[in-house]
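The values are calculated or read from the model by the stated rules, or taken from the named source; none is laboratory data. Keep in mind that this is a model prediction, so the values were computed, not measured. Cβ: placed from backbone, ideal geometry, glycine included. Neighbour counts: every protein chain shown. Surface accessibility is based on the protein's heavy atoms, side chains included, excluding ligands, DNA and RNA. Shrake-Rupley method; radii C 1.70, N 1.55, O 1.52, S 1.80 Å.
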Amino acid sequence: PLVPFKPETNGTIRLKKGFLLILNQKDFSKAPNVDDRDGTERDEVELLRTMGRYGCAEKDRLVLTNLNAKDILPRIKKAIDRDFHGYDYIAVTLLSHGERVDDRDYILGVDGGKESLNRIIKEVVQAPKLSKLKLKLFLVQACRGKEAQ
């Protein structure tokens, strides 16, 4: 079950050391009728720079790129299977195309296949090695299909 995060008594949250995981999907040439995500490299650079100011040192960052849908969850599981002792938070950033089907959100693999956003979040939130972290932050930059946003 999700437990609400309680900030320090004065309302501030002190984040000294974090881990940044980025899934950056750019090349959709294997996916029918899906355009590449031009400009996503700049988003990645800006995320790395910005999160570096919040305690994500170079050794505390991992970028996964251009994964097929079937590889997204296993690679995220592998990425979070490490010792997080001494960390305050993890930031998981998903930069991809997406879809919304029957009120469910999906992240697209570069092959055009889908991985459930809820499954990704659940995997991270319930990961035993992340249980002591104060904060699990999710940033998702993905459309929800062909509808106007």
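Side notes on the structure shown:
- Put simply, the amide H of residue 110, placed in the peptide plane, has neighbours under 5 Å in 67, 68, 69, leaving out anything fewer than 5 places away on its chain.
- Counting only DSSP beta bridges whose two residues both lie in the chain, roughly 25 percent are antiparallel.
- Cα gyration tensor, the chain - rounded (a/c under 1.5), prolate or oblate: prolate
- Global form of the stretch 62-149, assessed from the alpha-carbon gyration tensor, a/c cut-off 1.5: prolate
- For the chain, the per residue solvent-accessible surface stands at 62 Å², with DNA, RNA and ligands left out and a 1.4 Å probe.
- Axis angle, to the nearest 10 degrees, between helix 69-79 and the longest C-alpha principal axis of the chain: 20 degrees.
- A simple spin-label model places pseudo-atoms 7 Å from Cα toward Cβ; at residue 122 and residue 70 they are separated by 2.1 nm.
- Reachable lysines, given that their alpha-carbon falls under 26 Å from the alpha-carbon of residue 26 and they are not under 8 places away in the same chain: 59, 70, 77, 78, 114, 122, 136, 146
- Cβ-derived FRET efficiency at R0 25 Å, residue 15 paired with residue 45, nearest 0.05: 0.75
- Calculated mean residue ellipticity at 222 nm for the chain: -6500 deg cm²/dmol, from DSSP H runs with n ≥ 4 weighted as -39500 (n - 2.57), summed, divided by the residue count and rounded to 500.
- Assigned charges on the beta-carbon of Lys, Arg, Asp, Glu; the chain dipole about Cα centre (debye): 720 debye
- Other residues within the sphere of radius under 13 Å centred on the Cβ of residue 129, judged by their own Cβ, net out at +2 (K and R +1, D and E -1).
- Nearest-0.05 FRET efficiency for residue 104 and residue 134, computed from C-beta distance (R0 30 Å): 0.55
- Distance (nanometres) between label positions extended 7 Å along Cα→Cβ at residue 35 and residue 62: 3.2 nm
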